[in-house]
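S.K.: Just dropping this structure here.
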Amino acid sequence: MQQLTSAYVGYLKEERMRGSSTIKRYLSVIEDFSAFLGEGEAKSAPLEAVEKADLVRFLRREASETDEPSRSVWNTRLAALRSFYDYLFKAELVAVNPALRVDRLKINPREPVPLNLDEMLALA
């Protein structure tokens, strides 16, 4: 797995032109996912055998363990997994990218709060 992640880092730097903070964040997710694959129900599952259910179970577990159950954290971790599996697909190491089957969570944008009359008059 170490050799694979080294090649993936090269791919992120050279082909995808990602910054160092993005690469560190993606690698952290990939390392956590690799550890997840070595335990529990997914024990020793090869990367090509990973399914949507495995990815969802990993994302849910990560959200509950890190006290970061936010939708944006889910989406960031999913982006890292999609990118990694995209690399594996292009390198012909897997036949499909199972992360494409996992839906991103919708993030509700914060609507601006309009000024009240007193605040508007204070601007004038």
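S.K.: Would you mind estimating how fast segment 4-124 diffuses translationally, via Stokes-Einstein at 10 °C and 1.306 mPa s with the Kirkwood radius over Cα pairs, in µm²/s?
M.R.: Rounded to a whole number, D works out at 97 µm²/s.
S.K.: Over the chain, how many pairs of lysines fall under 23 Å by alpha carbon, counting only those 8 or more apart in sequence or from different chains?
M.R.: 6
S.K.: Calculate what fraction, in whole %, of the accessible area of the chain sits on carbon and sulfur atoms when a 1.4 Å probe is rolled over the protein chains.
M.R.: 51
S.K.: Give the peptides 92-100, 9-17 in descending order of average Cβ contacts within 10 Å, highest first.
M.R.: Packing order, densest peptide first, comes out as 92-100, 9-17.
S.K.: Calculate how steeply helix 20-37 sits against the longest principal axis of the alpha-carbon atoms of the chain, using the helix alpha-carbon long axis, and give the answer as 0 to 90 degrees to the nearest 10.
M.R.: 50
S.K.: Right, another one. What angle do you read, to the nearest 10 degrees and between 0 and 90, between the alpha-carbon axis of helix 71-90 and the longest principal axis of the chain?
M.R.: That works out to roughly 30 degrees.
S.K.: Helix-only estimate, please: 222 nm mean residue ellipticity of the chain, summing -39500 (n - 2.57) across DSSP H runs of length 4 or more and dividing by its residues, to the nearest 500.
M.R.: About -17500 deg cm²/dmol.
S.K.: OK, next. Enter the accessible area per residue of the chain (Å², integer; probe 1.4 Å; all protein chains in place).
M.R.: Heavy-atom accessible area per residue stands at 69 Å².
S.K.: What do you get for the angle between helix 52-65 and the principal long axis of the chain? Use alpha-carbon atoms, 0 to 90 degrees, nearest ten.
M.R.: Once rounded, the angle reads 60 degrees.
The values are calculated or read from the model by the stated rules, or taken from the named source; none is laboratory data. As the structure is a computational prediction, the values presented were derived from the model and not from experiment. Cβ: placed from backbone, ideal geometry, glycine included. Neighbour counts: every protein chain shown. Quick note on the areas: whole protein, heavy atoms, side chains included, nothing else; ligands and nucleic acids left out. Shrake-Rupley method; radii C 1.70, N 1.55, O 1.52, S 1.80 Å.
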